[in-house]
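Asks: Submitted below is the structure of interest, expressed as structure tokens.
The values are calculated or read from the model by the stated rules, or taken from the named source; none is laboratory data. All figures in this text were calculated on a predicted structure; none of them were measured in a lab. We place every Cβ from the backbone using ideal geometry, glycine too, and count neighbours over all the protein chains shown. Ligands, DNA and RNA are stripped out before the accessible areas are found, and what is left, the full protein with its side chains, is counted by its heavy atoms. Shrake-Rupley method; radii C 1.70, N 1.55, O 1.52, S 1.80 Å.
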Amino acid sequence: MAQRRRFLALLGGGLFGASLLVSAIPSSLTAAVAQGAPKKAAPAAKGGGALETKAINLGFIPILESAALVIGVEKGFFAKHGLTDVNLTKQASWPSARDNVVLGSGGGGIDGGQWQLPMPQMITNGAITNGRKVPMYILAMLSSQGNGIVASNSVKKAELGLDTKGDGAFFTKFEKEKGRKFRAAMTFPKANQDMWIRYWLAAGGVDPDKNVELLTVPSAETVAGMRNGTMELFSTGDPWPSRAVKEKFGYLVATTANIWRVHPEEFLAVRADWVKKNPKATIALLKGVMEAQQWLAKAENKDEAAKILSSRKWFNAPEDIIERSLKGGYKVGPSAQVENNPNMAPLYWNSPRGVISYPYKSLTMWFLLESMRWKFFPGQLPNIAAAKALNDQVTREDLWKQAAKELGVPAKDIPKGSSRGTERFFDGVVYDPTKPQAYLDSLKIKR
Ligand code: CA
């Protein structure tokens with residue numbers, strides 16, 4: 001109750017707008033359950049001295065992107081590095097996670113956790129927090145791939161697929177017949193799931209702002225929403241897309257790995273004030289995440305990972321679906337063609353593009369460029385220089401490198417620079433991080 005009173009007092013202080021109020025009396029706050037590892041004395045941090053704290057409050061969403069955080073707790077990787085009280089709490093939705101990080105642990109919220117980009121950047125500059133700036137740092141990439149775009153069986157005849165060229169007529173016809181637009185759901189507006197849907201549609205000439213209606217639905221409600229006819233399509237992380245296919249409400253149109261191989265997916269980000277106050281604990285947090293990512297990447301651990309993640313305490317979702325997703329097993333398209341390819345699975349550590357965990361600025365920048373493409377934040381990100389300055393402020397490759405060195409990650413796995421190099425999308429578009437304007441210029445549909 002004390003937390004709730006403090007929270008309401010904050011609201012009374014005018015920090016939040018009325019629109020935030022509804023989403024922000026969160027079950028995720030009142031129902032937060034301590035899920036930390038058993039308490040032990042904090043061992044000394046490698047590199048000298050005890051950690052400033054043994055505790056951090058992190059948020060997670062029940063999708064495979066959060067696996068490294070869950071495994072870090074369950075397999076004791078955080079505790080091993082002295083963070084014995086990682087309080088990892090399920091967030092009801094991305095708006096709840098945002099509101100909770102604005103509160104911080106001092107206000108009964110969270111210090112950080114799992115994020116879709118560009119949420120940490122746009123919380124830093126106040127663009128999605130009613131102007132309240134809460135500086136954050138992006139510390140690591142949590143995962144790549146593992147997300148899907150699923151269409152409802154009610155539109156099975158349209159046979160939507162990776163290539164949407166020629167589908168414009170379908171969307172127009174749909175609107176004419178139903179008297180409303182085709183509905184596509186993402187989990188938070190103006191963040192990566194929204195970007196995947198937009199990129200996919202626009203690549204084939206379908207305008208996401210004109211030909212469809214985009215709406216926001218929390219990950220855990222996507223399958224029910226599709227069953228109820230709330231929307232004809234959604235995009236989020238597994239197990240939800242695979243679950244919609246297994247329960248025969250929908251079919252897999254594309255995985256995000258189809259759109260962009262080894263793409264950046266979700267990230268670990270923490271409030272900057274927490275990092276500044278707890279520099280050694282920050283490095284310990286990073287080491288725990290890295291070890292969890294390495295553990296998740298091993299084929300022999302996938303079954304155990306599925307068992308842990310599927311449990312009621314964490315995702316509360318069928319173990320067999322999670323196990324198959326972790327191994328890259330998908331049923332693709334209207335005919336549910338079985339494909340098994342570990343290269344298309346969620347990736348946590350190694351990949352053909354090098355280490356997954358490293359937060360390349362070239363990758364975190366892409367989400368700001370895509371925000372510019374769609375004019376998501378009027379008055380913010382006025383030009384590439386402004387986007388780059390924000391990206392440089394928020395993305396902390398230096399901390400990742402320090403943690404990796406102390407952990408003993410081989411030098412060949414520690415990137416030297418801030419660019420992963422040129423990126424290629426399924427439609428042939430190229431993002432050369434040294435030429436961001438050329439990337440924006442090359443996109444046909446934009447605002
Ligand atoms: Ca995702």
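Asks: Could we say that G225 is among the small types (G, A, S), over 21 Å from P62 (Cβ atoms), surrounded by fewer than 22 Cβ atoms within 10 Å (Cβ to Cβ) and in contact (Cβ under 8 Å) with a residue 24 or more places away in the chain here?
Replies: no
Asks: Report the residue count in segment 223-251 for those that are away from the ligand (no atom under 14 Å from the Cβ) and on the phi < 0 side of the Ramachandran plot.
Replies: So the count comes out to 18.
Asks: Has segment 132-145 got any residue that is open to solvent by 10 Å² or more (accessible area, probe 1.4 Å) and not charged (D, E, K, R)?
Replies: Yes, segment 132-145 contains at least one residue that is open to solvent by 10 Å² or more (accessible area, probe 1.4 Å) and not charged (D, E, K, R).
Asks: Shifting gears a bit: Scan segment 173-185 for residues that are open to solvent by 10 Å² or more (accessible area, probe 1.4 Å) and closer than 30 Å to D99 by Cβ and jot them down.
Replies: Residues satisfying the conditions are K181, R183.
Asks: Still on this structure: Identify, please: which residue in segment 139-166 is more than 16 Å from the ligand (Cβ to nearest atom) and within 30 Å of R353 (Cβ to Cβ) and is, among those, nearest to the chain's Cα centre (by Cα)? Talk me through it step by step, then tell me what you get.
Replies: So the first thing to find is which residues in segment 139-166 are more than 16 Å from the ligand (Cβ to nearest atom), and the list is 139, 151-166.
Now drop any that are not within 30 Å of R353 (Cβ to Cβ), which leaves 139, 151, 160-165.
Values: L139: 13, A151: 21, L160: 24, G161: 23, L162: 21, D163: 24, T164: 25, K165: 28 Å.
Result: L139.
Asks: Continuing with this model, one more query. Pairs only if they're at least six apart or on different chains, beta carbon under 7 angstrom, first in segment 189-210 and within 21 Å of T172 (Cβ to Cβ) and aliphatic (A, V, I, L, M), second within 12 Å of the ligand (Cβ to nearest atom) and not in a helix (DSSP H, G or I); list them, first residue then second.
Replies: Close Cβ pairs satisfying both conditions: I197/I149; I197/M186; I197/S235.
Asks: Take segment 269-306 and flag every residue that is touching a Leu at 6+ places or on another chain (Cβ under 8 Å), of a type in the set (A, V, I, L, M, F, W, C) and more than 30 Å from G328 (Cα to Cα).
Replies: Matches in segment 269-306: V275, A281, I283, A284.
Asks: Determine whether G146 is within 23 Å of K210 (Cα to Cα) and out of contact with any Lys or Arg (no Cβ under 8 Å at 6 or more places or on another chain).
Replies: no
Asks: Assuming A220 fulfils every condition listed in (1) aliphatic (A, V, I, L, M); (2) within 16 Å of the ligand (Cβ to nearest atom); (3) open to solvent by less than 50 Å² (accessible area, probe 1.4 Å) apart from one, which condition is it?
Replies: Failed condition: (3).
Asks: Right, another one. Hey, any hits in segment 252-268 for a residue that's of a type in the set (F, W, Y) and within 16 Å of the ligand (Cβ to nearest atom)?
Replies: Checked against the condition, which is being of a type in the set (F, W, Y) and within 16 Å of the ligand (Cβ to nearest atom), segment 252-268 yields at least one hit.
Asks: Which of the residues belonging to segment 58-86 are more than 16 Å from the ligand (Cβ to nearest atom) and outside any helix (DSSP H, G or I)?
Replies: L58, K75, G76, H81, G82, L83, T84, D85, V86 - these are the residues of segment 58-86 that are more than 16 Å from the ligand (Cβ to nearest atom) and outside any helix (DSSP H, G or I).
Asks: Is it true that V289 is without any contact (Cβ under 8 Å) to a residue 12 or more places away in the chain and either β-branched (V, I, T) or within 16 Å of the ligand (Cβ to nearest atom) (or both)?
Replies: So V289 does not fit the description; no.
Asks: Name every residue in segment 228-261 that is open to solvent by less than 50 Å² (accessible area, probe 1.4 Å), of a type in the set (D, E, K, R) and over 17 Å from W94 (Cα atoms), in order of residue number.
Replies: Hit for segment 228-261 is E232, nothing else.
Asks: Do we find a residue being in a loop (DSSP other than H, G, I, E, B) and touching a Leu at 6+ places or on another chain (Cβ under 6 Å) anywhere in segment 146-165? Full working, then the answer.
Replies: Going through segment 146-165, the residues in a loop (DSSP other than H, G, I, E, B) turn out to be 146, 159-165.
So of that shortlist, the ones also touching a Leu at 6+ places or on another chain (Cβ under 6 Å) come out as 146, 164.
Yes.
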